[in-house]
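Worksheet for the structure shown next.
Since every read-out is calculated from the coordinates, none of them should be taken as a lab result. Keep in mind the model is a prediction, meaning the values are calculated, not measured. Note that we place each Cβ from the backbone using ideal geometry, even for glycine, and neighbour counts take in every protein chain shown.
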Amino acid sequence: MKHLLKLMDLSESEILDILNLADQLKYEKKHNIEHKYLEGKSLGMIFQKSSTRTRVSFETGMYQLGGQALFLSPRDLQIGRGEPIEDTAKVLSRYLDGIMIRTFEQKEVEDLAKYGSIPIINGLTDFAHPCQVLADLMTIREYKGEFDNLKLTFVGDGNNMANSLIVGCLKVGMRVAIACPQGHLPDSAVLEFAKAYGDKFTLTDDVKKACADADVVYTDVWASMGQEGEAQERKKVFKGYQVNADNLSAAKNDVMVLHCLPAHRGEEITADVMDAHPEIFDEAENRLHAQKAVLVKLMADK
């Protein structure tokens, strides 16, 4: 594993290796065992899209691992003024030991890896959110003990979260159901990938059908970053695609509810459901531990 660009690039064993290391690092942190695996290392963090969890978890994680993180906004980089991505990649590779980028186009992440000579981590693109799904899988395993034959249902927009959940969950042996309206389906490349898993994957516009016997129900905001102008129209399109008590009644009694946050209470998820499922905040914490595992895998002893 040279980079973390998208979960399609990883094998099941590589995903499980990251999760096992994340569990170890979480244990060590809880018991105040130092793990300075990245002492003297520097991570550049490029943010074309702002974030709470991504910035704080990566910056804190690098500190706990003994390294340093540099926050780089578009105002701080010549890339925001037209410098070609290949030039930026080559220069930053001379200074840094790794780059995490949170941006719009997947191509920008892939190009950094193509032209640079250091590990690149996808902190989010419009296509994929691999770091979040690693934290999700870590949380699911903490609560359920294993992945085999668990069913995850995603309700809402077939966005980057749906794309990465489909890939990550299928790769570790879970079943996946996606409930989304027509015109808001997951990426065609992801749907093609899912075909190989046969009836382990289902796609429907019926929320109750998708939630039937689910072990995990997941949702995300209806209007992602960059889609704020569509928010009112999307509220109409996604009406009914809500994680609420009624739709959860079709799931298993011990169903987990997950949300990548931030949540718009009363839209994609009701406040009562949110408050009844503290695993959402365990999931948020696990961003720190899962990303530390990725950092160690990519940057230690390099």
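Leaving out same-chain residues fewer than 8 places away, which lysines sit with a Cα under 22 Å from that of Lys200?
Lys6, Lys144, Lys151, Lys171, Lys208, Lys209, Lys252
Given the alpha-carbon gyration tensor of segment 132-283, what are the semi-axes of its equivalent ellipsoid in whole angstrom, ordered largest first, with each equal to the square root of 5 times an eigenvalue?
That gives 21, 19, 14 Å for the three semi-axes.
Relative contact order, percent, of the chain when contacts are C-alpha pairs under 8 Å separated by at least 6 residues?
The value is 21 percent.
Which of the aspartates and glutamates could be linked to Lys236 by a straight reach, that is with a Cα gap under 13 Å, when you skip same-chain ones fewer than 8 residues away?
Counting by Cα, and skipping residues close in sequence, Lys236 has these aspartates and glutamates nearby: Asp157, Glu267, Glu268.
With charges set only on the Cβ (+1 for Lys and Arg, -1 for Asp and Glu), what does the dipole of the chain come to about its Cα centre, in debye to the nearest 20?
Result for the chain is approximately 440 debye, rounded to the nearest 20.
What spacing in nm lies between the two simple spin-label points modelled at Ser51 and Glu230, each 7 Å away from Cα in the Cβ direction?
Taking the two extended label points, one gets 2.1 nm.
Give me log10 I(q)/I(0) at q = 0.14, 0.26 Å⁻¹ for segment 170-220, Debye formula, one equal scatterer per alpha-carbon, no solvent.
The Cα Debye sum returns log10 ratios of -0.35, -1.20.
Taking every pair of distinct Cα atoms and averaging 1/r, then inverting, what Kirkwood hydrodynamic radius in Å comes out for the chain?
Its Kirkwood hydrodynamic radius stands at 19.6 Å.
Where a Cα-Cα gap under 16 Å defines reach, which aspartates and glutamates qualify for Lys107, not counting those fewer than 8 residues away within the same chain?
Straight-distance partners of Lys107: Asp9, Glu83, Glu86, Asp87, Asp126, Asp187.
If amide H atoms are built 1.01 Å from N in the plane of the peptide, which residues on other chains or at least 5 residues away come under 5 Å of the amide H of Leu258?
The answer is Val217, Tyr218, Thr219.
Please give the calculated 222 nm ellipticity per residue for the chain, where each DSSP H segment of at least 4 residues contributes -39500 (n - 2.57) and the sum is spread over every residue; nearest 500 deg cm²/dmol?
Only helices count here, giving -13000 deg cm²/dmol.
Kindly express, to the nearest 10 degrees and within the range 0 to 90, the angle between helix 279-299's C-alpha long axis and the longest C-alpha principal axis of the chain.
Helix 279-299 sits at roughly 30 degrees to that axis.
Would you order Lys36, Lys29 from fewest to most other beta-carbon atoms within 10 Å of each residue's own beta-carbon?
Lys36, Lys29
Scan segment 87-124 for GluC sites (Glu not before Pro) in coil per DSSP, keeping those whose Cβ has at most 14 other Cβ atoms within 10 Å, and list them by number.
The qualifying sites are Glu105.
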